[in-house]
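Note sheet for the following structure.
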Ligand code: A3P
C-alpha cells in the first residue's frame, strides 16, 4: 500500500517537473525571440523561393530583433551603423478615418517585412505646435528601418484637419495616402462611444447619442456634431483632392477588415507596390476578443488593445434611419469619386 502511494507520488512529481521545465523552455524561447537579434523566422519559409523583389532575411530579423531592442534603448550606435539603419519620412500615411480601424490597419500592415510602423500617432501635420518644430523633428519621431523598407504612420485627425493636405503635399507630393472607412452611421456611433467612455472614466455625465446627432429644434441631423461631420467622407476628401490626384489614395473597407482582413491587406500591398507577404498564417480569429489578431511567428502573436472593439450603446432605430438617409447622397458621391462602392444602406 505504502509502496503504491510512493509510486503515485513519484509519478505526480514527474508530471509536475516536466510541466515546469516545458514552461521554462517556452518562456526562454519567447523572450529570446522578442528581444534578441537572431534569425528566428519560421514564417520565412512560407515565402517560397526568393524572387527579385524579395525582402532580405535580415529585414525580418531586424523587425523582430534589433528594432525591438532599439525601442527599448538597447541597440548601440554601432549596430545602427552596421545595419545601415535610418529614420525615414513616411512613404505612406493612414490619414483617417477616426474609428475606421486605423490602428488595426497599421498593425496588420506592420506584419509585412518591408513595412515599419510609427507606433504612436505623431500629429505633426494637424498640430500647429508640432508642425512649427519642422520636418527634422518629424523624421526623428520615425522608427529605425533599413533603407529599402517603408515607414508608415497613422494620425486619423489628418483627414478632417483643414491645413493638413497642403502641409503633406509640401513634404512629399507623391506620397501614398490610405483612408479606411466604415459605414458612416456605425463610425459615428463608434466615435461617440469612445468619447462617452472617456467621460465615464472621469465620472462625468454625457448626452445620449440621439441628443447630439439630432438637432432638437429642427429634428434634422445635427451637422455641427463632430461625429456626424467626420462621417461625411466626401466633403473631407474633396479638400484633399485639391492637392493630390485620386490615384494617390487607396480606400480600405474598414467593415471588411474586421470580418475578412486578408483580402483588404492584399489590396493595400498592391497599392504600395509591395510583394505579397501577409498571409492567412499571420491572422487568426480570436473568439474571446471577437476580432482577428496578429501572428508574427510561432511564439509571438497579439490582439489589439481592449479599447478597440468597444460595445456600442443601443441607438434609437429612427435616429439610425435618419442618419443613414442623411449620409446616403454623400456616400454616392464618395463611391463616384473613389471608384470603390460599398453596400452601405
Ligand atoms: P469599435 O470600437 O467601434 O468596434 P480606430 O483604430 O481607427 O480607432 O478604429 C477602431 C475600430 O477598429 C474598432 O471600432 C474596431 O471595430 C475596428 N477593428 C478592426 N479590426 C480590428 C481588430 N482586428 N481588432 C480590434 N478592432 C478592430
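The values are calculated or read from the model by the stated rules, or taken from the named source; none is laboratory data. All figures in this text were calculated on a predicted structure; none of them were measured in a lab. Heads up, the Cβs are rebuilt from the backbone with ideal geometry, glycines too, and the neighbour counts pull from every protein chain shown.
Among the residues making up region 154-172, a single one is over 15 Å from the mean Cα position of the chain (by Cα), within 16 Å of the ligand (Cβ to nearest atom) and not in a helix (DSSP H, G or I): 161. Criterion applied to 299, 319 was being buried (at least 18 other Cβ atoms within 10 Å of the Cβ) and either more than 16 Å from the ligand (Cβ to nearest atom) or outside any helix (DSSP H, G or I) (or both), and the one residue passing it is 319. Residue 111 versus (1) farther than 24 Å from residue 282 by Cβ; (2) within 13 Å of the ligand (Cβ to nearest atom): which is the lone unmet condition? Answer for residue 111: the failing condition is (1). Residue 247 fulfils the conditions (1) in a helix (DSSP H, G or I); (2) touching a residue at least 24 places away in the same chain (Cβ under 8 Å); (3) closer than 30 Å to residue 270 by Cβ except for a single criterion, (2). When each of 84, 172 is tested for being loosely packed, with under 15 Cβ neighbours inside 10 Å and at positive phi, the lone residue that passes is 84. Here residue 193 clears all of (1) under 23 Å from residue 100 (Cα atoms); (2) assigned to a loop (DSSP other than H, G, I, E, B) except the condition numbered (2).
Tell me whether region 209-216 contains one or more residues that are surrounded by fewer than 22 Cβ atoms within 10 Å (Cβ to Cβ), closer than 19 Å to residue 159 by Cβ and more than 13 Å from the ligand (Cβ to nearest atom). No; the residues of region 209-216 include none that is surrounded by fewer than 22 Cβ atoms within 10 Å (Cβ to Cβ), closer than 19 Å to residue 159 by Cβ and more than 13 Å from the ligand (Cβ to nearest atom).
If you check 329, 345, 313 for being away from the ligand (no atom under 15 Å from the Cβ) and outside any helix (DSSP H, G or I), only one passes: 345.
The criterion of at least 2 residues that are within 27 Å of residue 192 (Cβ to Cβ) and touching a residue at least 12 places away in the same chain (Cβ under 8 Å) is met by the following helices (runs of 4 or more DSSP H) wholly inside region 89-148: 102-109. Is there a residue being within 16 Å of the ligand (Cβ to nearest atom) and under 20 Å from residue 194 (Cα atoms) anywhere in region 246-255? Yes, region 246-255 has at least one match. Just wondering, is there one or more residues in region 117-125 that are at pLDDT 95 or above and closer than 24 Å to residue 262 by Cβ? Yes; the residues of region 117-125 include at least one that is at pLDDT 95 or above and closer than 24 Å to residue 262 by Cβ.
Regarding residue 198, is this residue without any contact (Cβ under 8 Å) to a residue 40 or more places away in the chain, under 24 Å from residue 307 (Cβ atoms) and surrounded by fewer than 19 Cβ atoms within 10 Å (Cβ to Cβ)?
Working: without any contact (Cβ under 8 Å) to a residue 40 or more places away in the chain: yes; under 24 Å from residue 307 (Cβ atoms): yes; surrounded by fewer than 19 Cβ atoms within 10 Å (Cβ to Cβ): yes.
Yes: the conditions hold for residue 198.
Scanning region 269-296 for residues that are more than 14 Å from the ligand (Cβ to nearest atom) and in a loop (DSSP other than H, G, I, E, B) gives 272, 273, 274, 275, 276, 277, 279, 296.
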